[in-house]
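The values are calculated or read from the model by the stated rules, or taken from the named source; none is laboratory data. Since we're looking at a predicted model, the values are computed, not measured. Note: ideal-geometry Cβ built from the backbone for every residue, glycine included; neighbour counts use all protein chains shown. Accessible surface is based on the protein model in full, side chains and every heavy atom, while ligands, DNA and RNA are left aside. Shrake-Rupley method; radii C 1.70, N 1.55, O 1.52, S 1.80 Å.
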Amino acid sequence: MIKSLRHLMGRIARLLHLPSLGRVDRYIIRTFLNTFFFSIILIISVSVVFDMNERMSDLLRPEVSLYEIVFHYYLNFIPYYANLFSPLFVFISVIFFTSKLAENSEIIAMMASGMSFRRMLLPYFVAASVIAGLSFVLNNFIIPPGNKVRIDFENKYFRNKNVMYASGVQLEVEPNVVLFMNAFYRENKTGTGFSLDSYEGRELRSRLTARAAIYDTLYRWSLQEYRIRYFDGHTERDSVGLSLDTIIRVNPEDFLISAKDVEKMTSPELSRYIDKQSSRGVGDVKLFAIELHKRYAAIFSAFILTFIGAVLSAKKMKNGLGFNIAIGLGLSFSYILFSEAAATFAISGSMSPWLAAWLPNFAFVVIALGLWPKAPR
């Protein structure tokens, strides 16, 4: 594993052999990436062991196959949590290896040779670009399909967190056509108190009601004990029956929404879903909007945290490496807590989703600007 990692880092370093990058730059890039990936491998290994220990009784059930455990659960568990911990370990990795450089007087030697601290940050940002690019691809396109497999496994064998019931369902099926159900049950795919109203401007033109609506597949619904009323000025026509099969462009996933659903969608799917549900007036899509903005904000967090970590740890400290790592952990967890607090405010409606996603970055940019005068000269 370590040999393969070193080989991968070597290939990345060769790809980054830009004319402006010298031997020292490549050394910093290689050290940064080696430290980051080694830290991620270490924490994920520990996380897998703890997760297996916690879920041992569920994993040893006879109906759970080894293939599903390895390929459906842990093969998707590892990239999800590796990407989740990525900002934390970018920061810690920068502080760890930069503190070692400072402790060994290597930074003093670089600056004595005429390299400015501003110039020394170039390889840091090149390495941060590699991590940010990898995180962007994983977070937006690769991890969500894997999350769907992992979450389905968890719902099947651990604890089912799917939303099984919805009440007061109301949404716009298409322009001027509004659907309403008193309640819908996932288990038998049945809704009660069904109505479908069609408008022309502000005037109601028809109303389809049914005692029960049963969903089949591909937008096909079976309406039980239905009645259709047509309105034309002061005249009204009725049509009744016991059963009616019809196409209504709605499926239960449009209103049986759980917090886990946001993790299953790629960014293009998230964007389309937000637009679709917003136009239909379906519930609250703030959680989905926050997730979409956070995926893009995460790209810039790698650069901000890299900058802060480099400035904090570039000077040799009397208190040694441990003090710098303690500061790094404190700031890292502050960033995570800030992100979660902002998301909570956005979900409650006190803050817009884009601001909740970007506010931690804005706050840490201010911290970075405040630390810049303390950087070595």
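Charge tally around ALA363: other residues with Cβ under 15 Å, Lys/Arg +1 each, Asp/Glu -1 each, net 0. Applying 1/(1 + (r/R0)^6) with R0 = 25 Å to the Cβ-Cβ distance of TYR74 and VAL137, what FRET efficiency is obtained, to the nearest 0.05? That gives a FRET efficiency of 0.75. Given a 1.4 angstrom probe, I'd like the percentage of the accessible area of the chain that is carbon and sulfur, rounded to a whole number. With neighbouring chains kept in place, the figure for the chain is 61 percent. Here is the P(r) of segment 281-377: all C-alpha pair distances, binned every 10 Å from 0, give 15, 40, 26, 13, 4, 1 in whole percents. Largest GNM mean-square fluctuation among VAL366, VAL90, VAL149, using the chain with Cα springs under 10 Å: VAL366. Using a simple spin-label model with pseudo-atoms 7 Å out from Cα toward Cβ, ARG119 and ASP152 lie 5.5 nm apart.
Measure nothing fancy, just the Cα-based angle from helix 75-84's long axis to the longest principal axis of the chain, in degrees from 0 to 90, nearest 10. Its long axis makes an angle of about 70 degrees. Summarising the label geometry, the points placed 7 Å from Cα in the beta-carbon direction at GLN224 and GLU63 lie 2.6 nm from one another. The phi torsions of segment 346-361, fed into the Karplus equation with coefficients 6.51, -1.76 and 1.60 and a -60° offset, translate into couplings of 5, 5, 6, x, 7, 8, 6, x, 5, 5, 4, 6, 9, 4, x, 5 Hz, rounded to whole numbers, with Gly and Pro shown as x.
Other residues whose C-beta falls under 9 angstrom from the C-beta of VAL240 contribute a net charge of -1, scoring Lys and Arg +1 and Asp and Glu -1. Put simply, the amide H of LEU171, placed in the peptide plane, has neighbours under 5 Å in LEU179, leaving out anything fewer than 5 places away on its chain.
If each DSSP helix of 4+ residues adds -39,500 (n - 2.57) and the sum is divided by the residues in the chain, what number results at 222 nm, nearest 500 deg cm²/dmol? Computed mean residue ellipticity for the chain: -18500 deg cm²/dmol.
Over segment 73-178, how many percent of alpha carbon pairs lie in each 5 Å bin up to the one with the longest distance? Answer for segment 73-178: a P(r) of 2, 9, 12, 13, 10, 10, 10, 9, 7, 5, 4, 3, 2, 2, 0 percent. Rg of the Cα atoms in segment 207-348, relative to 2.2 N^0.38 Å, amounts to 1.82. One decimal place: the segment THR266-SER198 gains 21.1 nm when fully extended, by the rule 0.36 nm per residue minus the C-alpha distance. Note on the chain: with charges restricted to the Cβ of Lys and Arg (+1) and Asp and Glu (-1), its dipole about the Cα centre is near 1900 debye.
Relative to the current alpha-carbon distance between SER239 and PHE362, full extension at 0.36 nm per residue lengthens the span by 38.2 nm. Taking all protein chains into account, the per residue accessible area for the chain stands at 54 Å² (1.4 Å probe).
Stokes-Einstein, applied to the Kirkwood radius of the chain over Cα pairs at a viscosity of 1.002 mPa s and 20 °C, places its translational diffusion at 87 µm² s⁻¹.
Residue by residue, segment 170-179 carries 3J(HN,Hα) couplings of 9, 7, 8, 5, 7, x, 6, 10, 10, 9 Hz when phi is fed to the Karplus relation 6.51 cos²θ - 1.76 cosθ + 1.60 (θ = phi - 60°); x denotes Gly or Pro.
Dipole of the chain (Lys/Arg Cβ +1, Asp/Glu Cβ -1, origin at the Cα centre): which of ILE257, MET120, THR306 lies farthest to the positive side? Of ILE257, MET120, THR306, it is MET120. With θ taken as phi - 60° and the Karplus curve 6.51 cos²θ - 1.76 cosθ + 1.60 applied, the whole-hertz 3J(HN,Hα) list for segment 296-304 is 7, 5, 4, 4, 6, 4, 4, 6, 5 Hz, x standing for glycine and proline. Once both labels are positioned 7 Å from their Cα atoms along Cα-to-Cβ, the gap between ILE247 and ARG23 label points is 7.1 nm.
Taking other residues whose beta carbon is less than 12 angstrom from the beta carbon of TYR199, and scoring Lys, Arg as +1 and Asp, Glu as -1, yields -2.
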